[in-house]
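Asks: Before anything else, here's the structure in question.
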Amino acid sequence: TVKALYKMGATVVVPARNASKAGHVIGSIQQQVGLSKGSVEAMTLDLSSLESVRQFVAQFNAKYSSLHILVNNAGAWPNEHR
């Protein structure tokens, strides 16, 4: 999803518990896509911490005036029933 939005020229913010690790993935995406009018950046967000959520929102609001699309992604661990 990040790759497709970035390729279309969107500004994409990737929330991550570890922004530096996410930065490596973002660099790979930018390399794969090549030139784009879009941008991708990682911002630190730990959903298990309400303080982290507040900090993320404050940083996002300070940098951006609006949010047009929110992509929710949840990881799932398959549980085998026997």
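The values are calculated or read from the model by the stated rules, or taken from the named source; none is laboratory data. Predicted model only: the values in this text are computed from it and were never measured. In this analysis, Cβ positions are derived from the backbone assuming ideal geometry, glycine residues included, and neighbour counts consider all displayed protein chains. When the accessible area is computed, the model is the full protein with side chains, heavy atoms only, and any ligands, DNA or RNA have been set aside. Shrake-Rupley method; radii C 1.70, N 1.55, O 1.52, S 1.80 Å.
Asks: What list of ³J(HN,Hα) couplings, whole Hz, do you get for segment 17-22 from phi and the Karplus terms 6.51, -1.76, 1.60, once you set θ to phi - 60° and write x for glycine and proline?
Replies: Each residue of segment 17-22 in turn: 5, 10, 5, 5, 5, 5 Hz.
Asks: Which cross-chain or sequence-distant (5 or more) residues have an amide H under 5 Å from the amide H of VAL14, H modelled 1.01 Å from N in plane?
Replies: Under 5 Å from the amide H of VAL14: GLU41, ALA42, MET43.
Asks: Now, a different point. Of VAL14, VAL53, VAL40, which is farthest along the charge dipole of the chain in the positive direction, counting Lys and Arg as +1 and Asp and Glu as -1 at C-beta?
Replies: Selected residue: VAL40.
Asks: Would you mind checking segment 33-51 for residues with the amide N under 12 Å from a putative spin-label position 7 Å along Cα→C-beta of LYS3?
Replies: From segment 33-51, the list is 33-34.
Asks: Can you work out D for the chain in µm² s⁻¹ from Stokes-Einstein, where Rh is the Kirkwood radius over C-alpha pairs, the temperature is 10 °C and the viscosity is 1.306 mPa s?
Replies: Values: Rh = 14.2 Å.
The calculation lands on 112 µm²/s.
Asks: Continuing with the same structure: To the nearest 20 debye, what charge dipole does the chain have about its Cα centre, counting +1 at the Cβ of each Lys and Arg and -1 at the Cβ of each Asp and Glu? Don't jump to the answer; show the numbers that get you there.
Replies: Working: 8 positive and 4 negative charges, 38 e Å.
The calculated dipole for the chain is roughly 180 debye.
Asks: Next up: Accessible area per residue, 1.4 Å probe, Å², for the chain: what's the number?
Replies: With the other protein chains kept in place, the chain gives 82 Å² per residue.
Asks: In percent, what relative contact order does the chain have, based on Cα pairs under 8 Å that are 6 or more apart in sequence? Walk me through the numbers on the way to the answer.
Replies: Values: 79 pairs, mean separation 23.5, N = 82.
About 29 percent, as a whole number.
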